[in-house]
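A.B. asks: I'd like to ask some things about the structure below.
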Amino acid sequence: MNLFVQARFIAAAGRSDDFPPLGPPEIALAGRSNVGKSSAINALVSRRRLARTSKTPGRTQTINFYDLGERARLVDLPGYGYARVPRQLRDSWRDLVGGYLSARRTLVGLIVLVDARHPNTPADAQLFAWLAPLVRAERLRLAVLLTKSDKLSRAAGAAALEAGRRSLRASALAGETLLFSSVDGRGVAQVREFMEGWLTVPSTAAPSAESPTAPSHYAKEAAAPGHRRRNKRTPG
Ligand code: GDP
């Protein structure tokens, strides 16, 4: 059955203690506040209001978990890098999201959303630098969506795509970059395909859907020194 028509909210967690117990493989979405993340989630699951879209960015500091049937979960990470967010909130963002990304053993893929009109903001570059150890260790599959691409002409879209790919290469990260729009649906089918692929061909270190408690080598990797660096380079 189609994964994306079965989305159901399961939990909002403001602290790692509140994360739901490990279950099926998780795919997380991250992006600057107001980048269009809630709209993208709603487009991916063909729902109008599964994830709330908000016009007051930077306020929600919870990680929201959704079940996609029994085979997968979608995880909405709080937005980052919004100038008006006070330092205390940024620190709590780093602890919450850093804790999730470095230790969540069932996390198999990450989707980073970047505004197609501004593909190289310092906050996004910082996020890529911060993610690099995780992705290089092949723990995570990565896709970068250039959002709101409906606002760009065809030529500007092509230029944004090239710039987005360059910035990913500059961070020495392997991943897909594509134009996306929740308004005209561009990229939606492609992202669903990536997600399906990540679930059916787990990365070397990722646990399979059949073993949600994860093999022990995976837990060791999550605690490896490379991953502890997370506190030194934080976006936001
Ligand atoms: P979030 O803060 O990242 O969850 O962003 P939202 O999904 O709440 O979107 C922020 C604003 O951008 C809202 O006003 C949306 O209507 C608008 N928006 C989101 N996605 C798109 C898109 O693909 N195209 C256009 N033109 N606007 C979008």
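A.B. asks: Of all the residues that make up region 24-33, how many are assigned to a loop (DSSP other than H, G, I, E, B) and either open to solvent by less than 10 Å² (accessible area, probe 1.4 Å) or under 16 Å from residue 143 (Cα atoms) (or both)?
C.D. replies: Within region 24-33, residues that are assigned to a loop (DSSP other than H, G, I, E, B) and either open to solvent by less than 10 Å² (accessible area, probe 1.4 Å) or under 16 Å from residue 143 (Cα atoms) (or both) number 1.
A.B. asks: Now, a different point. Among the residues of region 165-194, count how many are part of a helix (DSSP H, G or I) and either within 15 Å of the ligand (Cβ to nearest atom) or farther than 23 Å from residue 129 by Cα (or both). Talk me through it step by step, then tell me what you get.
C.D. replies: Step one: filter region 165-194 for residues part of a helix (DSSP H, G or I), giving 165-170, 188-194.
With either within 15 Å of the ligand (Cβ to nearest atom) or farther than 23 Å from residue 129 by Cα (or both) added as a condition, the list becomes 188-193.
Residues in region 165-194 being part of a helix (DSSP H, G or I) and either within 15 Å of the ligand (Cβ to nearest atom) or farther than 23 Å from residue 129 by Cα (or both): 6 in total.
A.B. asks: Look through region 82-96, keep the residues that are at pLDDT below 85 and more than 28 Å from residue 148 (Cβ to Cβ), and return whichever of them is least open to solvent (accessible area, probe 1.4 Å).
C.D. replies: Of everything passing the filter in region 82-96, 91 is least open to solvent (accessible area, probe 1.4 Å).
A.B. asks: Any idea which of 160, 155, 123 is farther than 24 Å from residue 14 by Cα, within 14 Å of the ligand (Cβ to nearest atom) and of a type in the set (A, V, I, L, M, F, W, C)? Please lay out each step first, then the result.
C.D. replies: Details: 155 fails: within 14 Å of the ligand (Cβ to nearest atom); 123 fails: farther than 24 Å from residue 14 by Cα.
Within the list 160, 155, 123, the selection yields 160.
A.B. asks: State the number of residues belonging to region 97-119 that are open to solvent by 10 Å² or more (accessible area, probe 1.4 Å) and touching a Gly at 6+ places or on another chain (Cβ under 8 Å).
C.D. replies: The qualifying residues number 2.
A.B. asks: A follow-up question, please. Only residues that are charged (D, E, K, R), in contact with a strand residue (DSSP E or B) (Cβ under 7 Å, 6 or more places away or on another chain) and more than 16 Å from the ligand (Cβ to nearest atom): list them for region 134-152, please.
C.D. replies: 141
A.B. asks: Would you mention how many residues in region 30-60 are near the ligand (Cβ under 9 Å from one of its atoms), touching a strand residue (DSSP E or B) at 6+ places or on another chain (Cβ under 7 Å) and modelled with pLDDT of 85 or more?
C.D. replies: Counting residues in region 30-60 that are near the ligand (Cβ under 9 Å from one of its atoms), touching a strand residue (DSSP E or B) at 6+ places or on another chain (Cβ under 7 Å) and modelled with pLDDT of 85 or more gives 7.
The values are calculated or read from the model by the stated rules, or taken from the named source; none is laboratory data. Note that this is a predicted model, so its numbers are computed, not measured. Cβ atoms come from the backbone with ideal geometry, glycine included; neighbour counts cover every protein chain shown. All accessible areas refer to the heavy atoms of the entire protein, side chains included, with ligands and DNA or RNA removed. Shrake-Rupley method; radii C 1.70, N 1.55, O 1.52, S 1.80 Å.
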